[in-house]
Amino acid sequence: MIDLMPTSEEEAAVIVRAHAESGRPLAICGGNSRSGFGNTVAAEGRLRSTGLSGIVAYNPGEMVMTVRSGTPLAEVEAALQESGQMLAFEPMDHRPVMGTSGEPTIGGVFAANVSGPRRLIAGAARDSLLGVRFVNGKGEIIKAGGRVMKNVTGLDLVKLVAGSHGTLAFLTEVTFRVPPRPKTERTVVLSGLNDAEAANAMAAAMALPVEVSGAAHLPLTVTWKFLAGKLPEGEATALRIEGLPGSVDVRIEKLAAAMSAFATVTRLEQPESQKLWQEIRDVLPYADGSVRPIWRVSVAPGTGPQLVAALRLEAGVDAFYDWQGGLVWMRMESGAEAELVRRYIKALGGGHATLIRASGEARAVTSAFQPEPEAVARLSQRVKEKFDPAGIFNPGKMG
């Protein structure tokens, strides 16, 4: 595949126009760290954003940053770290579980709407996005949104592009909010709860006025893989508190006291807490070098354990839970079992199952994204036709 790496927005527009006129499809990507994600794209050329790099505007006092889409995520995070700010949505690094290399880009983060453990209180990546610049499928340069939330012009368009996986537009620039980084964090760990008991404990913790910023449950099959096996013995239910040191001290004690009614409680100090949540974010237990299928399942928090229990009656499944149980990471021991997974999700009230990793053979016969209802699919197609009338951007990637 030929790599096309424009160094300006105008150059990208010229490339897109030429391909639209000739009907030649383009694979859209950034650092290629999520290579293989989504359905197969048939294209001879790959339009990459990595030539569009650099921070355009950043004033920490405004808590807003504007960056070219191909800027390495590490560069963005280093600049924010220096100013005591952060990406609130805690984006996952897909390289360990997908076995890829490359360098994640900030544009790729928003194009895939990548969000980690803090999503349950901070929202997804798209919720931090204020403005975008992009080239549409006609080769036109479009600007939507702005640097402040009061400028609502085009905000719906901004949200639409986020999570479209390069099927609607080639992102060239993104503007997003960057709130202060917490001064410290600590984690309470409850030991010995089964999946259903953990779901109840996490629900009780989220209802407390202590601002829990992370809630995950790690069954016995995975606990030994976190913190190099140093978590307390038994299943682990982790609850994170962040903020100013004095406030964290008070809130962690209130949380620990309330949670002692559910299980034995231990505390992790900041270094161990940070490492644990990074490992949860990056799905460490399944970064095993294999291509065993991994599903990322979004359901109502209370139904995650029911889903896993039902699936285990018919298939080999390993799983752990983030987002208070609303995000289930599942590794299948053999086949992807897409029909089974999606049938049980529907029976339990609905949700979304996305195939993150699988062999080439499994990907060829499995839709990576949750199939849309017919009416929604028709609307999605009309949106696609408006953005990309020639259908050249990542054709087939999202189905």
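How many residues does segment 205-243 contain that are of a type outside the set (V, I, T), in contact with an Asp or Glu (Cβ under 9 Å, 6 or more places away or on another chain) and open to solvent by less than 10 Å² (accessible area, probe 1.4 Å)?
Qualifying residue count, segment 205-243: 8.
Looking at (1) open to solvent by less than 20 Å² (accessible area, probe 1.4 Å); (2) among the hydroxyl-bearing types (S, T, Y); (3) over 18 Å from P117 (Cβ atoms), which is the only condition S191 fails?
Exception for S191: condition (1).
Hey, can you tell me all the residues within segment 102-125 that are under 19 Å from I55 (Cα atoms) and surrounded by fewer than 24 Cβ atoms within 10 Å (Cβ to Cβ)?
Residue satisfying the conditions is E103 alone.
Residue by residue through segment 244-270, note down the ones that are among the charged types (D, E, K, R) and either crowded, with 17+ Cβ neighbours inside 10 Å or in contact with a Pro (Cβ under 6 Å, 6 or more places away or on another chain) (or both).
Of everything in segment 244-270, just one residue is among the charged types (D, E, K, R) and either crowded, with 17+ Cβ neighbours inside 10 Å or in contact with a Pro (Cβ under 6 Å, 6 or more places away or on another chain) (or both), namely R251.
Could you look through segment 41-62, keep only residues that are closer than 14 Å to T172 by Cα and among the β-branched types (V, I, T), and pick out the one that is surrounded by the most Cβ atoms within 10 Å (Cβ to Cβ)?
Selected residue: T50.
Quick one: G246 ticks every box in (1) under 27 Å from the mean Cα position of the chain (by Cα); (2) in a helix (DSSP H, G or I) bar one, so which box is it?
(1)
Return a yes/no flag: does segment 30-40 have any residue that is in a helix (DSSP H, G or I), in contact (Cβ under 8 Å) with a residue 24 or more places away in the chain and either of a type in the set (F, W, Y) or open to solvent by 20 Å² or more (accessible area, probe 1.4 Å) (or both).
no
If only one of D156, D127 is over 22 Å from R34 (Cβ atoms) and charged (D, E, K, R), which one is it? Explain how you work it out, then say what you get.
Numbers: D127 fails: over 22 Å from R34 (Cβ atoms).
It is D156.
Among M92, M65, which is the only one that is among the aliphatic types (A, V, I, L, M), in a strand (DSSP E or B) and open to solvent by less than 20 Å² (accessible area, probe 1.4 Å)?
M65
The conditions are (1) open to solvent by 50 Å² or more (accessible area, probe 1.4 Å); (2) within 24 Å of L220 (Cα to Cα); (3) charged (D, E, K, R); (4) outside any loop (DSSP other than H, G, I, E, B), and E339 fails exactly one of them. Which is it?
Against the list (1) open to solvent by 50 Å² or more (accessible area, probe 1.4 Å); (2) within 24 Å of L220 (Cα to Cα); (3) charged (D, E, K, R); (4) outside any loop (DSSP other than H, G, I, E, B), E339 comes up short only on (2).
Listed here are the residues, each with its yes/no results for (1) more than 25 Å from G137 (Cβ to Cβ); (2) surrounded by 12 or more Cβ atoms within 10 Å (Cβ to Cβ); (3) of a type in the set (G, A, S); (4) at pLDDT 90 or above.
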residue: G349; (1), (2), (3), (4): yes, yes, yes, yes
residue: A353; (1), (2), (3), (4): yes, yes, yes, yes
residue: S367; (1), (2), (3), (4): no, yes, yes, yes
residue: P371; (1), (2), (3), (4): no, yes, no, yes
residue: E385; (1), (2), (3), (4): no, yes, no, yes
residue: G391; (1), (2), (3), (4): no, yes, yes, yes
residue: N394; (1), (2), (3), (4): no, yes, no, yes
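G99 passes all but one of (1) open to solvent by 10 Å² or more (accessible area, probe 1.4 Å); (2) modelled with pLDDT of 95 or more; (3) within 19 Å of the chain's Cα centre (by Cα); (4) among the small types (G, A, S); which number fails?
All conditions pass for G99, except number (2).
Applying the selection to segment 300-314, what residues are touching a Leu at 6+ places or on another chain (Cβ under 7 Å) and either open to solvent by less than 20 Å² (accessible area, probe 1.4 Å) or closer than 15 Å to L218 by Cα (or both)?
The answer is L307, L311.
Do we have P293 as in contact with a helix residue (DSSP H, G or I) (Cβ under 9 Å, 6 or more places away or on another chain) and either hydrophobic (A, V, I, L, M, F, W, C) or open to solvent by less than 10 Å² (accessible area, probe 1.4 Å) (or both) here? Lay out the reasoning, then the answer.
Details: in contact with a helix residue (DSSP H, G or I) (Cβ under 9 Å, 6 or more places away or on another chain): yes; either hydrophobic (A, V, I, L, M, F, W, C) or open to solvent by less than 10 Å² (accessible area, probe 1.4 Å) (or both): yes.
So P293 fits the description; yes.
Among the numbered criteria (1) at pLDDT 95 or above; (2) surrounded by fewer than 24 Cβ atoms within 10 Å (Cβ to Cβ); (3) not aliphatic (A, V, I, L, M), which single criterion is violated by K150?
Going through the list (1) at pLDDT 95 or above; (2) surrounded by fewer than 24 Cβ atoms within 10 Å (Cβ to Cβ); (3) not aliphatic (A, V, I, L, M), K150 breaks only (1).
When you look at S273, is it open to solvent by less than 50 Å² (accessible area, probe 1.4 Å) and in contact with a Ser or Thr (Cβ under 6 Å, 6 or more places away or on another chain), yes or no?
Spelling it out, S273 is indeed open to solvent by less than 50 Å² (accessible area, probe 1.4 Å) and in contact with a Ser or Thr (Cβ under 6 Å, 6 or more places away or on another chain).
The values are calculated or read from the model by the stated rules, or taken from the named source; none is laboratory data. Bear in mind that the values here come from a model prediction, so they are computed numbers and not experimental data. Glycine gets a Cβ as well: all are built from the backbone with ideal geometry, and neighbour counts include every protein chain shown. Accessible surface is based on the protein model in full, side chains and every heavy atom, while ligands, DNA and RNA are left aside. Shrake-Rupley method; radii C 1.70, N 1.55, O 1.52, S 1.80 Å.
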